[in-house]
Amino acid sequence: MHFSETYPQVNRFLDYLKFEKRYSKHTITSYQTDLEQFFSFIISQYDSPALTKITASIVRSWLAEMKGDEMTSKSINRKISALKSFFKYQMKTGVLELTPMSTIIAPKISRRLPSFVAENDMETLLEHVTFEDNWKGQTEKLVLKLFYATGIRLSELINLKESQLDSSYQQIKVLGKGNKERIIPLSADLLKELKLYTASKPRDGDYAVENVFVNEKGKKLQPRYVYGFVKRHLSEVTTIQKKSPHILRHSFATHLMNHGADLNAVKELLGHSSLAATQVYTHNTIEKLKEVFQKAHPKA
């Protein structure tokens, strides 16, 4: 028997995330995977207890098994978060009076500083690296420029529509996680480039897609393709281990902080829901200050 037949509350919760919370397909899949693992475990180990009979000790036994399988603390924390949300919803809808998650403590995660591309390397990439003299090269260079100029996420860039370019106010409107809209300012030069680019887009047969960025066949860009050329071009200018679109997002935020940008402003530009997610970039700023101190102070 499939777990969803024994626990139909799971599908109702996933529908809530999809239709009311309007979470992305990727986020809902993550919740579904975590809940499926948990309920499959308790079906096999505890003979399908009712929701009211699921205790903190049952949850801990599942977490202990995952830890025994050497799952990372970050992954375990994600699964704890999924269960907390699920049981909180059961209380909200009156299915439960209490949650078994109230005494569950998430393991600590050692926070690593986000990697980023140095400013001079970004300048080399955008000003001195040669791109192919065709639609492909033009697309790749402009995508890199927009990633670095806005801190936009990969999914946001791929799905960016022409209607989201606002020439009057020199900005773009981005639809982020949870369908939350945010506004990011653009330089006049970059906005002009984007407008010229969209005006000469190839068509997909008789159909012109609304997306800003398209390939030479006029089709929407695919994530794997963008990952590929971002990694290839970053390899030309930097030796950092991770070379992905998200590294350009880190670079955008880090360089803003290094030049004195307000933390709350960076939070809004990135579309973070809490300041805690943005504060990690202050650590890079502190490291930069230490570096300046070591080089400049006579007693350092």
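The values are calculated or read from the model by the stated rules, or taken from the named source; none is laboratory data. Predicted model only: the values in this text are computed from it and were never measured. Reconstructed Cβ throughout: ideal geometry from the backbone, glycine too, with neighbour counts over all protein chains shown.
Scanning the range 269-283 for residues that are part of a loop (DSSP other than H, G, I, E, B) and either in contact with a strand residue (DSSP E or B) (Cβ under 9 Å, 6 or more places away or on another chain) or under 10 Å from MET257 (Cα atoms) (or both) yields a count of 1. For the range 156-172, residues that are buried (at least 16 other Cβ atoms within 10 Å of the Cβ) and either in a strand (DSSP E or B) or of a type in the set (S, T, N, Q) (or both) total 5.
The C-beta contact set for the range 285-300 (first residue surrounded by fewer than 10 Cβ atoms within 10 Å (Cβ to Cβ), second residue at pLDDT 70 or above, distance under 6 angstrom, 6+ apart or interchain) comprises ALA300/PHE293; ALA300/GLN294.
Being exposed (fewer than 13 other Cβ atoms within 10 Å of the Cβ), of a type outside the set (A, V, I, L, M, F, W, C), over 21 Å from the mean Cα position of the chain (by Cα) and farther than 14 Å from GLY151 by Cβ is true of SER235.
Within the range 219-248, residues that are assigned by TED's automatic domain parsing to the domain that holds LYS145 have Cβ atoms under 8 Å from residues that are charged (D, E, K, R) and assigned to a loop (DSSP other than H, G, I, E, B) in these pairs: VAL230/LYS243; LYS231/LYS243; LEU234/LYS243; SER235/LYS243; PRO245/ARG153; HIS246/ARG153, counting only partners at least 6 apart in sequence or on another chain.
Per-residue answers, yes or no, for (1) in contact with a helix residue (DSSP H, G or I) (Cβ under 9 Å, 6 or more places away or on another chain); (2) closer than 26 Å to THR278 by Cα:
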residue: ILE28; (1), (2): yes, yes
residue: THR33; (1), (2): yes, no
residue: ALA50; (1), (2): no, no
residue: MET66; (1), (2): yes, no
residue: ILE76; (1), (2): yes, yes
residue: LEU125; (1), (2): yes, yes
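Yes or no, residue by residue, for (1) surrounded by 13 or more Cβ atoms within 10 Å (Cβ to Cβ); (2) over 28 Å from TYR23 (Cβ atoms):
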position	(1), (2)
PRO100	yes, no
ALA106	yes, no
PHE131	yes, yes
LYS141	yes, yes
LEU144	yes, yes
PHE147	yes, no
VAL174	yes, no
LYS180	no, no
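Applying the criterion of being surrounded by fewer than 19 Cβ atoms within 10 Å (Cβ to Cβ) and assigned to a helix (DSSP H, G or I) to the residues of the range 238-267, the residue that is farthest from the chain's Cα centre (by Cα) is ASN258.
In the range 189-213, the qualifying residues are those that are in a helix (DSSP H, G or I) and touching a residue at least 12 places away in the same chain (Cβ under 8 Å), and the one that is surrounded by the fewest Cβ atoms within 10 Å (Cβ to Cβ) is LYS195. Flag: VAL129 does not match the condition of being under 26 Å from VAL280 (Cα atoms), in contact (Cβ under 8 Å) with a residue 60 or more places away in the chain and either among the β-branched types (Val, Ile, Thr) or outside the structural domain of VAL266 (by TED's automatic domain parsing) (or both).
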